[in-house]
Amino acid sequence: MTAPTYQYADLPDACVVATRALLTARENIGDTVAARAMMCIHGGAGFGKTLAVNTCLRELEPGEDIHKITFRARPTARAVRYELFTALRLPGEPPRHPSEFDRLLKTALAERPRTFLVDEAQWLSGEAFEYFRYLWDEPATQLAIIFVGGEGCHTVLHREPMLSSRIFIWQHFTRLTPNEVLEVVPLFHPIWQDTDPGDITFADEHAAHGNFRNWARLTAHLRTALARTGRARVDREVLRWAFSRLG
């Protein structure tokens, strides 16, 4: 898995913060990979799911062979086959017939242990989820699969009892609580380190709402505001200017 861009808006000086959700994900992912099992991480947009998973999986490299697959539309089993063929960098042309394609993938996946991160899994159909289960169930394959997606991912998985019953761990990402915001945000970026806690709470109530993606966007605009005004720290006036940009 190539090194990802961890922070939204290419935010300079931002740090990956070990939130409770990230620490839980680290433990859950480690246990899932060790067991060669499947897990599902789900939650609302911007809550830090992909960031946390990428961070945790990077810690397992290079000892773990990790492949990331992202779907942007509802793929068929055929589309999943082709994505796996590409992710595994298999030589030659993809087989034309499904049975031949399945044999090729099973053979490749039996060569050594592998972990698949299936991001944006809320786009997967029941057929696509079922195909992952089909490969994982093959006794010779050595797969760990981490599905990461929105709430729709959780809903679709639960409609597939043969797959949902095989999910080793479920983890639900939620908004940062007000107390977590005060703990996490000053560690997230230097501009918040000297900010009055009341102003951090004000920013969360009016713009960020416990959403890490919102915090990153807000921080990017505040960096601009501080640079243009020459101010040394965030205050209510600067915050209101940034709020006006967020819509």
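We did not get these values from a lab; they are worked out from the coordinates using the rules stated. Note that this is a predicted model, so its numbers are computed, not measured. Note: ideal-geometry Cβ built from the backbone for every residue, glycine included; neighbour counts use all protein chains shown.
Observations on the structure shown:
- Among 168-179, 115-126, sorting by the average number of other beta carbon atoms lying within 10 angstrom of each residue, highest first, gives 115-126, 168-179.
- If the chain linking Arg166 and Ala35 were pulled fully straight, counting 0.36 nm for each residue of separation and taking away their Cα-Cα distance, it would gain 45.9 nm.
- Protection-proxy order for peptides 224-237, 137-150, each taking the mean of Cβ atoms within 10 Å per residue, highest first: 137-150, 224-237
- Ellipticity estimate at 222 nm from DSSP helix runs (n ≥ 4, -39,500 (n - 2.57)) divided over the chain, nearest 500: -15000 deg cm²/dmol
- 12 Å beta-carbon shell around Tyr82, net charge (K/R +1, D/E -1): +1
- Virtual paramagnetic centre 7 Å along Cα→Cβ of Arg89, amide N under 20 Å, in segment 61-82: 61-70, 81-82
- Rounded if a/c under 1.5, otherwise prolate or oblate - the chain, Cα gyration tensor axes: prolate
- Take 35-44, 205-214 and order them by the average number of nearby Cβ atoms within 10 Å per residue, most first; the result is 35-44, 205-214.
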